[in-house]
1. Condition (residue is in a helix (DSSP H, G or I), free of Cβ contacts under 8 Å to residues at least 12 places away in the same chain, surrounded by 10 or more Cβ atoms within 10 Å (Cβ to Cβ) and under 15 Å from the mean Cα position of the chain (by Cα)) applied to the stretch 114-123: is it met by at least one residue?
2. Quick check on the stretch 62-76. Is at least one of its residues exposed (fewer than 10 other Cβ atoms within 10 Å of the Cβ), without any contact (Cβ under 8 Å) to a residue 60 or more places away in the chain and under 20 Å from the mean Cα position of the chain (by Cα)?
3. Mind listing whichever residues of the stretch 67-86 are at pLDDT 90 or above and small (Gly, Ala, Ser)?
4. Within the stretch 13-61, take every residue that is among the β-branched types (Val, Ile, Thr) and crowded, with 16+ Cβ neighbours inside 10 Å and give me the one that is farthest from the chain's Cα centre (by Cα).
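The values are calculated or read from the model by the stated rules, or taken from the named source; none is laboratory data. Keep in mind that what you see is a predicted model, and the values were worked out from it rather than measured. Backbone-built Cβ (ideal geometry, glycine too); neighbour counts: all protein chains shown.
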Amino acid sequence: MMSKILSALFAGSVFGVGLSLSAMVDPNKIINFLDITGHWDPSLLFVLGGAVMVTLVLYRFIFAQGKPVFDNDFQLPSVLKIDAKLLMGSSLFGIGWGLIGYCPGPVVASLGFGLEEPFIVVGSLLAGMLLHKVLVRA
């Protein structure tokens, strides 16, 4: 159990450092990347390209192992259809990301900088998740 927790802590730390080094924790960097008609900053294409390359190389290798290191099975989505809920959720995600410049991973990593804005965004994310939980139950 302790090795699972330490592994998750290590992976999360590497992810957070990568987000910081790539400037994905800076909302202005994200907004400028998304602003293709204004002050477009294409540098995040290198981050995307690096992620795609790592995935292409390791995806088959990891699944060839048969099971994850700390679980019995890979946790993959069982629903594969594109429906209204998926389209609405992904649209809200994209609009929110474009408006504020924070994606959930980078905003959590930004909490360590002690700025007020990431705390407001994380609070809003938590409120949205709670609202969804209440509405889906109804």
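1. No, that holds for no residue.
2. Of the residues in the stretch 62-76, the ones exposed (fewer than 10 other Cβ atoms within 10 Å of the Cβ) are 64-66, 69, 71-73, 75-76.
Within this subset, residues satisfying the condition of being without any contact (Cβ under 8 Å) to a residue 60 or more places away in the chain are 64-66, 71-73, 75-76.
Now drop any that are not under 20 Å from the mean Cα position of the chain (by Cα), which leaves 75-76.
Within the stretch 62-76 (the criterion being exposed (fewer than 10 other Cβ atoms within 10 Å of the Cβ), without any contact (Cβ under 8 Å) to a residue 60 or more places away in the chain and under 20 Å from the mean Cα position of the chain (by Cα)), the answer is yes, since at least one residue qualifies.
3. Ala84, the sole residue that qualifies.
4. Step one: of the stretch 13-61, the residues among the β-branched types (Val, Ile, Thr) are 14, 17, 25, 30-31, 36-37, 47, 52, 54-55, 57.
Narrowing further to those that are crowded, with 16+ Cβ neighbours inside 10 Å: 25, 30-31, 47.
Working: Val25: 11, Ile30: 13, Ile31: 16, Val47: 13 Å.
Here the answer is Ile31.
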